[in-house]
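**Student:** Got a structure for you, questions after.
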Amino acid sequence: MDATMIRKDFPTLERHVHGRPLVYLDSAATSQKPRAVLEAMQRYYEDANANVHRGVHALAEEATELYEGARARIARFVGADPRGIVFTKNATEAFNILAYSYARHRLGPGDVLLATEMEHHANLVPWQLAQAEAGFDLRYVPVTPGGELDLEAFEAEVATGRVALFAVTAMSNVVGTINPVADLAAAVKAANRDALVVVDGAQSVPHLPTDLVALGADMLCFSGHKMLGPTGVGVLAGDPEILEAMPPFLGGGEMIANVTLEGATFNEVPYKFEAGTPPVAEVVGLGAAVDYLERLGMAEVRAHEVALLEAVLPALEGIDGVSVHGPTDPARRGAAVSFAIEGLHPHDIGTIMDREGVAVRAGHHCAKPLVRKLGSVATTRASFYLYNTLEEIPALVDAVETTKRFFDR
């Protein structure tokens, strides 16, 4: 895969900041968008701007075809049934649907909802809110000093047979760890065949080949903006039968079959969970993003990122006073690389690196429990994607060394 050629598809990467060529290393927060995505959304607004599922005129039918066509392609991309593809505004909303419509109604005292210390707040806070009402136990799989799940602790929790819902990230947004989701899901199901397995794919779907069935998961949540798509659209992908048995999350237009003054009956899935006018242009854009990724091939995307990791991990670790969090083996991790510079606060690091034209993320990355486990309140994170090149790694290293010299002064 030729990242140098790919970069030409991304207008933002042509920018200069502070008089320097932009080195964008913050794709774990949001990815840049190729022209194919921008143009697909523009074409929708110019040629087929209408609401979906509601009109019989030509524009409405064209808009509906674009919207449902994107649903089918996104379903294929993650190995899901199109009836189980629910469009949300982000992965966070997808988790909230499950917390409200599944955990609150299906879990109770005596049940365990098992998550991990590695989770993004989106895969923690909704369960905490549901626990307050439903009364189930909320337990966590610890993280080892090396940034991986403590599998012995996991096995001990699962062996009780009480785990009714297991929520796990496929790839950490902080330490990059790739979790063995299929093995974890199989263990949970072996102990309790009725348990629900929920996977956070916000980081993994943009970077790894994904198949919902192969993962052994019931539900997969991910966001469009981290996989070359626009903001404002996410996906809850899951088993249509489970979704059908869940009560609606929001009420209003589109999610109904019939309404009287006495009550309502609800539409079939996925429409039962898509109340109101959906994000049509954003879904069209996400469909175009999936097309772009499929043309490149997700195996090729992964191979490119492993090559970047093979270069960047030793380069950072070779700088005096710099330590990298998470697995050291590129095959066991994704391209989000959190690091620390001894004695320096990540916000200071990020500020000076920005002056050098290198965009990194500084903060707790919406994963405070994990960052605390690393012994800090924040980390600096450089995250790579398909448009980053090996030639950008020296710029990252130079920016780190310049930052050290600045504060040494």
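The values are calculated or read from the model by the stated rules, or taken from the named source; none is laboratory data. Just so we're clear, the structure is a prediction, and the values are computed from it rather than from any experiment. Here Cβ is always computed from backbone atoms with ideal geometry, including for glycine, and neighbour counts include all displayed protein chains.
**Student:** Mind checking which pairs have a first residue in the stretch 53-66 that is within 20 Å of I256 (Cα to Cα) and a second that is surrounded by 15 or more Cβ atoms within 10 Å (Cβ to Cβ) and hydroxyl-bearing (S, T, Y), Cβ under 9 Å, 6 or more apart or different chains?
**Tutor:** Once the first residue is within 20 Å of I256 (Cα to Cα) and sits in the stretch 53-66, its partners that are surrounded by 15 or more Cβ atoms within 10 Å (Cβ to Cβ) and hydroxyl-bearing (S, T, Y) give H53/T64; H53/Y67; H53/Y271; R54/T64; G55/T64.
**Student:** Taking T88, is it at pLDDT 95 or above, in contact with a strand residue (DSSP E or B) (Cβ under 6 Å, 6 or more places away or on another chain), under 24 Å from Q203 (Cβ atoms) and of a type in the set (S, T, N, Q)?
**Tutor:** Numbers: at pLDDT 95 or above: yes; in contact with a strand residue (DSSP E or B) (Cβ under 6 Å, 6 or more places away or on another chain): yes; under 24 Å from Q203 (Cβ atoms): yes; of a type in the set (S, T, N, Q): yes.
It is true that T88 is at pLDDT 95 or above, in contact with a strand residue (DSSP E or B) (Cβ under 6 Å, 6 or more places away or on another chain), under 24 Å from Q203 (Cβ atoms) and of a type in the set (S, T, N, Q).
**Student:** While we're on this one: Does L138 count as among the aliphatic types (A, V, I, L, M), touching a Pro at 6+ places or on another chain (Cβ under 8 Å) and at pLDDT 95 or above?
**Tutor:** no
**Student:** Additional query: Considering V360, V306, which residue is touching a helix residue (DSSP H, G or I) at 6+ places or on another chain (Cβ under 9 Å), of a type outside the set (F, W, Y) and over 30 Å from M41 (Cα atoms)?
**Tutor:** V306
**Student:** Which residue, of P145, P82, is at pLDDT below 95, in the same structural domain as V213 (by TED's automatic domain parsing) and out of contact with any Asp or Glu (no Cβ under 7 Å at 6 or more places or on another chain)?
**Tutor:** On the way: P82 fails: at pLDDT below 95.
Result: P145 is the single residue among P145, P82 that is at pLDDT below 95, in the same structural domain as V213 (by TED's automatic domain parsing) and out of contact with any Asp or Glu (no Cβ under 7 Å at 6 or more places or on another chain).
Residue-by-condition table, conditions (1) farther than 20 Å from V78 by Cα; (2) in the same structural domain as A202 (by TED's automatic domain parsing); (3) out of contact with any strand residue (DSSP E or B) (no Cβ under 7 Å at 6 or more places or on another chain):
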| site | (1), (2), (3) |
| --- | --- |
| F266 | yes, yes, no |
| E274 | no, yes, no |
| E282 | no, yes, yes |
| A288 | no, yes, yes |
| H325 | yes, no, no |
| G334 | no, no, no |
| S338 | yes, no, no |
| T351 | yes, no, yes |
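**Student:** If you don't mind, there's one more thing I want to ask. Here is a list: D218, D211. Which entry is farther than 17 Å from K89 by Cα, touching a helix residue (DSSP H, G or I) at 6+ places or on another chain (Cβ under 9 Å) and surrounded by fewer than 18 Cβ atoms within 10 Å (Cβ to Cβ)?
**Tutor:** Result of the check over D218, D211: D211.
**Student:** I'd like to know if the stretch 395-405 contains one or more residues that are crowded, with 21+ Cβ neighbours inside 10 Å, of a type outside the set (G, A, S) and farther than 26 Å from P34 by Cα.
**Tutor:** Within the stretch 395-405, one or more residues are crowded, with 21+ Cβ neighbours inside 10 Å, of a type outside the set (G, A, S) and farther than 26 Å from P34 by Cα.
**Student:** Taking the criterion of being in the same structural domain as V86 (by TED's automatic domain parsing) and surrounded by fewer than 18 Cβ atoms within 10 Å (Cβ to Cβ), would at least one residue in the stretch 164-180 satisfy it?
**Tutor:** Scanning the stretch 164-180, I find at least one residue that is in the same structural domain as V86 (by TED's automatic domain parsing) and surrounded by fewer than 18 Cβ atoms within 10 Å (Cβ to Cβ), so the answer is yes.
**Student:** Does A335 qualify as being in contact with a Phe, Trp or Tyr (Cβ under 6 Å, 6 or more places away or on another chain) and small (G, A, S)?
**Tutor:** When the stated conditions are applied, A335 passes them.
Every residue, every condition in (1) out of contact with any Leu (no Cβ under 7 Å at 6 or more places or on another chain); (2) modelled with pLDDT under 95; (3) among the β-branched types (V, I, T), yes or no:
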| position | (1), (2), (3) |
| --- | --- |
| A289 | no, no, no |
| H304 | no, no, no |
| L309 | yes, no, no |
| G318 | yes, no, no |
| V324 | no, no, yes |
| S338 | yes, no, no |
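**Student:** Would you say V269 is buried (at least 21 other Cβ atoms within 10 Å of the Cβ), β-branched (V, I, T), in contact (Cβ under 8 Å) with a residue 24 or more places away in the chain and in contact with an Asp or Glu (Cβ under 7 Å, 6 or more places away or on another chain)?
**Tutor:** Yes.
**Student:** If a residue counts only when it is closer than 29 Å to T169 by Cα and without any contact (Cβ under 8 Å) to a residue 24 or more places away in the chain, which strands (runs of 3 or more DSSP E) contained entirely in the stretch 312-409 have at least 1 such residues?
**Tutor:** 322-324, 361-363
**Student:** If only one of R71, R54, R76 is assigned by TED's automatic domain parsing to the domain that holds A257, more than 30 Å from R162 (Cα to Cα) and in contact with a Phe, Trp or Tyr (Cβ under 8 Å, 6 or more places away or on another chain), which one is it? Write out each step before concluding.
**Tutor:** Values: R54 fails: in contact with a Phe, Trp or Tyr (Cβ under 8 Å, 6 or more places away or on another chain); R76 fails: in contact with a Phe, Trp or Tyr (Cβ under 8 Å, 6 or more places away or on another chain).
None of the other options fit; the residue is R71.
**Student:** Moving on. When you scan the stretch 134-163, how many residues do you find that are over 25 Å from the mean Cα position of the chain (by Cα), touching a residue at least 24 places away in the same chain (Cβ under 8 Å) and surrounded by fewer than 14 Cβ atoms within 10 Å (Cβ to Cβ)?
**Tutor:** So the answer is 5.
**Student:** Limited to the stretch 1-32, what total is found for residues that are over 25 Å from R333 (Cβ atoms), surrounded by 15 or more Cβ atoms within 10 Å (Cβ to Cβ) and under 23 Å from the mean Cα position of the chain (by Cα)?
**Tutor:** Of the residues in the stretch 1-32, 1 are over 25 Å from R333 (Cβ atoms), surrounded by 15 or more Cβ atoms within 10 Å (Cβ to Cβ) and under 23 Å from the mean Cα position of the chain (by Cα).
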